[in-house]
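Asks: Mind having a look at this structure? Questions to follow.
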Amino acid sequence: MSVLQDRPALPNILATVRDFLEHGTDTSPAQLRFRAQVSAFLLGVVEREVALGPELDRQASKELAAFFDKVASLDEMIDMFCRAARTGELDARFDAALELALALTIAKVRIVKPEHLAPQHRT
């Protein structure tokens with residue numbers, strides 16, 4: 001499971017799809033269509049996370065380590081980045097911090113909803 005990605009986590013996604021497959025036919029046609037669309041979307045997220053997540057995590061770790069000139073776990077570095085941004089510690093490096101925040105956001109959107117990205121950010 002990719003560290004970079006927000007919730008829902010893969011186990012939650014898979015449980016939701018499994019629940020639909022087990023109980024989805026107990027609903028009205030409109031509800032069935034909606035639950036099928038949600039399940040298809042969630043399976044797409046899982047597919048992209050499995051395919052892209054490890055590389056996106058590696059890239060994020062590399063970028064954060066270079067930004068902070070420090071090696072730590074991806075979770076720790078994301079927490080450091082967020083904490084530093086909230087407290088104003090990154091104000092002097094605003095442009096670099098904004099560029100990094102944009103790169104991290106693009107990586108997240110590549111998993112969840114890649115069609116919302118500009119073409120140059122989809123690959």
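Asks: Take the Cβ-Cβ distance between T87 and H23 as r, set R0 to 41 Å, and report the resulting FRET efficiency rounded to the nearest 0.05.
Replies: 0.30
Asks: Carbon-plus-sulfur fraction of the accessible area of the chain, 1.4 Å probe, in percent?
Replies: Ligands and nucleic acids excluded, carbon and sulfur give 59 percent.
Asks: Let me ask another. If I fit a long axis through the Cα atoms of helix 10-23 and take the longest principal axis of the Cα atoms of the chain, what angle between them do I get, 0 to 90°, rounded to 10?
Replies: 10
Asks: Now a separate question. Just to confirm the number: angle between the C-alpha axis of helix 74-87 and the first principal axis of the chain, 0 to 90 degrees, nearest 10?
Replies: So the helix axis and the longest Cα principal axis differ by about 70 degrees.
Asks: Rolling a 1.4 angstrom probe over the protein chains, ignoring ligands and nucleic acids, what is the accessible area of F41 in square angstrom, nearest 10?
Replies: 80
Asks: A66 versus M80, label points 7 Å from Cα toward the beta carbon: distance in nm?
Replies: Between A66 and M80, the simple spin-label model gives 1.6 nm.
Asks: Distances over 25 Å make up what percent of all Cα-Cα pairs in the chain?
Replies: 38
Asks: Let me ask something else about it. Roughly what would the spin-label model give for A96 and F34, points 7 Å off Cα along C-beta, in nm?
Replies: 4.8
Asks: Okay, next question. Which of the trypsin sites (Lys or Arg not before Pro) across the range 1-110 are loop residues per DSSP, with 14 or fewer other Cβ within 10 Å?
Replies: Taking the range 1-110 and a limit of 14 other Cβ atoms within 10 Å, the loop trypsin sites (Lys or Arg not before Pro) found are K70.
Asks: Another one. Over the heavy atoms of E115, what accessible area does a 1.4 Å probe trace out, to the nearest 10 Å²?
Replies: Around 100 Å² of this residue is reachable by solvent.
Asks: Just to confirm, what accessible area per residue do you get for the chain at 1.4 Å probe, in whole Å²?
Replies: So the chain comes to 66 Å² accessible per residue, rounded to a whole number.
Asks: Show that you can apply the helix-only estimate: for the chain, add -39,500 (n - 2.57) for every DSSP H stretch of four or more residues, divide by all residues, and state [θ] at 222 nm to the nearest 500.
Replies: -24500 deg cm²/dmol
Asks: Find how much the distance from A118 to V46 grows on full extension, using 0.36 nm per residue of separation minus their present alpha carbon separation; answer in nm with one decimal.
Replies: Answer, rounded to one decimal: 23.8 nm.
Asks: Here is a follow-up. Before anything else, pin down the relative contact order of the chain: Cα pairs under 8 Å, at least 6 apart, normalised by residue count, whole percent.
Replies: Here the relative contact order equals 31 percent.
Asks: Probe radius 1.4 Å, ligands and nucleic acids left out: which of L90, L21 has the largest accessible area, and how do the rest follow? Intermediate values should be presented prior to the final figure.
Replies: Details: L90 15, L21 130 Å².
So the residues, ranked largest to smallest area, are L21, L90.
The values are calculated or read from the model by the stated rules, or taken from the named source; none is laboratory data. Since the structure is predicted, the reported quantities are computational estimates derived from the model, not experimental observations. Don't worry about glycine lacking a Cβ; one is built from the backbone with ideal geometry, like all the others, and counts go over all protein chains shown. Surface accessibility is based on the protein's heavy atoms, side chains included, excluding ligands, DNA and RNA. Shrake-Rupley method; radii C 1.70, N 1.55, O 1.52, S 1.80 Å.
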